[in-house]
Amino acid sequence: MLNIHYFASLRETLGQGSEVLALPADVHDVGCLVMHLATLRGDPWTALQDRSRVLVAVNQTIVEHAHPLTGNEEVAFFPPMTGG
């Protein structure tokens, strides 16, 4: 099972902070997961596809969309942070 978390403005946009999802058979990496969620749920979930506004971490490490998934990960979506 994937433990998926949505942080900051994404939590408000999507209307939820987390969920548990069984890895669909056709989802083999982060990019496929993003497409699956956007296709299945439509707007506003398409916001997850904007790589300039959404970072993804798997097991607390920021990854690219080509990062493979096995189905036992913690996946987090969050906007880039700025600091000073």
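Where a number appears in this text, it was derived from the coordinates with a stated rule and is not lab data. Bear in mind that the values here come from a model prediction, so they are computed numbers and not experimental data. Virtual Cβ from ideal backbone geometry, glycine too; neighbours counted across all protein chains shown.
Rounded, prolate or oblate, given the Cα gyration tensor of the range 35-84, with a/c below 1.5 counting as rounded? It comes out oblate by the Cα gyration axes.
By its C-alpha gyration tensor, with a ≥ b ≥ c as the square roots of the eigenvalues, how is the range 2-78 shaped: rounded for a/c under 1.5, else prolate for a/b larger than b/c, else oblate?
Details: a/c = 1.37, a/b = 1.24, b/c = 1.11.
Rounded.
What 222 nm value per residue comes from the helices of the chain, counting each DSSP H run with n ≥ 4 as -39,500 (n - 2.57) and dividing by all residues, nearest 500 deg cm²/dmol? Mind dumping the intermediate values first?
Working: 2 runs with 18 residues, N = 84.
Calculated from helices alone, the mean residue ellipticity at 222 nm is -6000 deg cm²/dmol.
Roughly how many debye, to the nearest 20, is the charge dipole of the range 1-75 about its Cα centre, given +1 on each Lys and Arg Cβ, -1 on each Asp and Glu Cβ, and no other charges? Working shown, then result.
Values: 4 positive and 9 negative charges, 29 e Å.
About 140 debye.
The DSSP beta bridges internal to the chain are antiparallel in roughly 75% of cases.
Ranked for footprinting exposure by Cβ neighbours inside 10 Å, fewest first, Ile4, Ile62 give Ile62, Ile4.
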